[in-house]
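Below is one structure, written out as structure tokens; comments come after it.
Taken together, the values in this text are just the output of simple stated rules run on the coordinates, not laboratory data. Just so it is clear, the model here is predicted, and its values are computed rather than measured. Positions of Cβ are backbone-derived with ideal geometry, glycine not excepted, and every protein chain shown enters the neighbour counts.
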Amino acid sequence: MGDSQVITRVQTPARYRLPSLPLSSFAGEAAAILLLTPLFLYAALWNGFPIMFFDSGAYVLEGFAKVLVPERSSVYSLFLYYVHGRENLWYVAIVQSGITAFTATAFARSLWPRTSLWKFVGVGVALSLLTSIAWFVGQIEPDCMTAVLVLALYTLAFRLPQTGWVRAILLVLVAGLATGVHPSHLGLCAGLVITLAALKLAALIWRSRELPNPVLSLPLLAFLLGLGLVLAANYSLTHKVFVSRSGAIFLTARLIGDGVAGRTLNDICPTQHLKLCAYKDKLPPTADDYLWAPESPFNKLGRFKRADRAEYETIVAESLKRYPLQSLGMGLWGSLRQYFMFRTGDGVEPQMNVLDHEFWDFMPRQYKSYMAARQQRGVLRFPAVNVVHYPVALLAQVWLAAVLWRAVRRRRWKVATLPAFVLVALLGNALICGLFSGPHDRYQSRLAWVPALIVLLTARQTLDRALRRPVESGT
């Protein structure tokens, strides 16, 4: 027998082997969370400081000074306060990463419990490098909670027996927090709960074992908890009960950018004395220009704090009444654009002009580290990053759509549940953001890593096997 025919199998000595722990074991689950938490922070660690956004200063001001900033979530602002962000913003980033790691692990464990610890950590490494996850988890913004909300709701609705009550209670708390930290999350959670209710109603009407029968009570409890947090946080700052004081303003800005509000003002200004009538012939061309440009009429009218909410509600109502097709059509066009806008790095640039006062007033000991970060030195660049991130996110969605299409054709409704739920969440997020605010890459990018997580966990399986066994066993 020649040398070429001899096959030598070298075995790794047992003392050098890593322990093979499945996610179903407590040790494997705990180790996964502990290892993924720093992995998901890699972008912030490389930056040298948690990543800041334009809105971060408003959250800092609202949370640490305990004053209402109408355009920002009181829940997230108080979250910064209660996790001691004033002492160190790294505490905020670490808690956000821990929440994300726990939710992703609970989701994967409920579907694929035999997944080994090291395979799952490898998935975490791939997510951190190939998707946007690390750029949101390490950012002082509530955007990282969008994906957390979707994963938590799916696990609670469809995988409760595999999850167990202790994890389920934790997931309800996590989903409630995620719902409350951003107004769009409140709408997204409500939409997903309504979708689950419709699915449950269909299962009851047709009484078919083939149709998934989701648990509705826990997702609904998470929504109510999130709504309660919003009401409580707003009351703690103002001693008044309300959900939002800026929704009509953002929607008006979107209608201004679409050209609808200008036509409405031309119609109603001869008979209604609105403050914005004085500027109807020189409205900014985009919603962002109206809300944030220095020379915008919005600044002259007192911005959010002194805005006449009744006036903005009037403009919205009149626009919808007079130009319903244009108002809705332009919003839907923005939502369609939003669905395909998920490039990483939107707004991640030097923020000194925006945040200097907040650091000096509330966090002077962190100012030096903040200024030394790569972001403030202007060295962060995202074109090369998006050469990888964008196609990975797009292909992952195509993969999910292919699984869904094949499952529907074969009438495997339980197989279709996971891809359908994630794609509905992506569509719902795009609809909410496109209709109420206008499209921005960061809105969809914050959720774009969820399909990639599913693809990475099922990468070695066929399309038919990828979701059949985990989804059909115990929904």
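Listed by chain and number, the lysines whose C-alpha is less than 29 Å from the C-alpha of Lys119, apart from same-chain residues fewer than 8 away, are Lys414. Across all directions, the average projected area of the convex hull around the alpha carbons of the chain is 28.1 nm².
In the range 230-312, the C-alpha radius of gyration followed by the widest Cα-Cα span (Dmax) gives 14.0, 41 angstrom. Taken over the alpha carbons of the range 324-438 as equal point scatterers, the Debye sum produces base-10 log I(q)/I(0) values at 0.09, 0.17 Å⁻¹ of -0.45, -0.96. For the range 368-438, the residue among Gly438, Ala396, Ala372 whose Cα projects farthest onto the positive side of the dipole built from Cβ charges is Ala396. Of all lysines in the structure, those lying under 30 Å Cα to Cα from Lys368, and not within fewer than 8 positions of it along the same chain, are Lys66.
Using helices alone, what [θ] at 222 nm do you get for the chain, with -39,500 (n - 2.57) per DSSP H run of 4 or more residues, divided over all residues and rounded to the nearest 500? Before the final figure, lay out each step's value.
Values: 25 runs with 313 residues, N = 475.
Theoretical 222 nm ellipticity from helices: -20500 deg cm²/dmol.
Against the empirical 2.2 N^0.38 Å (N residues), the range 44-99 has a Cα radius of gyration ratio of 1.09. Ranked by the mean number of other Cβ atoms within 10 Å per residue, highest first, peptides 143-150, 247-254, 379-386, 314-321 order as 143-150, 247-254, 314-321, 379-386. The residue among Val125, Pro161, Leu173 whose Cα reaches farthest toward the positive pole of the charge dipole of the range 80-178, with charges on the beta-carbon of Lys, Arg, Asp and Glu, is Pro161.
In debye to the nearest 20, how big a dipole does the range 149-287 give about its Cα centre with +1 on each Lys and Arg Cβ and -1 on each Asp and Glu Cβ?
120 debye
Given +1 at the Cβ of Lys and Arg, -1 at the Cβ of Asp and Glu and no other charges, the dipole of the chain around its Cα centre is 1560 debye to the nearest 20.
Between His273, Val316, Phe298, the Cα set farthest toward the positive side of the dipole of the range 268-330 (charges on each charged residue's Cβ, about the Cα centre) is that of His273.
Applying a 4.7 Å cutoff between beta carbons, the unpaired cysteines of the chain are Cys144, Cys189, Cys433. Taking a ≥ b ≥ c as the square roots of the Cα gyration tensor eigenvalues, the range 309-358 comes out oblate, since a/c reaches at least 1.5 and a/b does not exceed b/c.
With respect to the chain, whose longest principal axis is taken over its alpha-carbon atoms, helix 352-362 is tilted by about 90°.
Multiplying the residue separation of Ser208 and Lys240 by 0.36 nm and removing their Cα-Cα distance gives an extension gain of 6.8 nm. Spin-label model, Phe54/Arg263: points 7 Å from Cα along the beta carbon direction are separated by 2.7 nm. Rounded to the nearest 10 degrees, the inclination of helix 383-409 to the longest alpha-carbon principal axis of the chain is 70 degrees. Rounded to the nearest 10 degrees, the inclination of helix 26-39 to the longest alpha-carbon principal axis of the chain is 50 degrees. Scaled against 2.2 N^0.38 Å for its residue count N, the alpha carbon radius of gyration of the range 267-364 is 1.40.
To the nearest 20 debye, what is the magnitude of the charge dipole of the range 248-346 about its Cα centre, counting +1 on the Cβ of each Lys and Arg and -1 on the Cβ of each Asp and Glu?
120 debye
With viscosity set to 1.002 mPa s and temperature to 20 °C, compute the Stokes-Einstein D of the range 379-431, Rh being the Kirkwood radius across alpha carbon pairs; µm²/s, no decimals. Translational D for this selection: 171 µm²/s.
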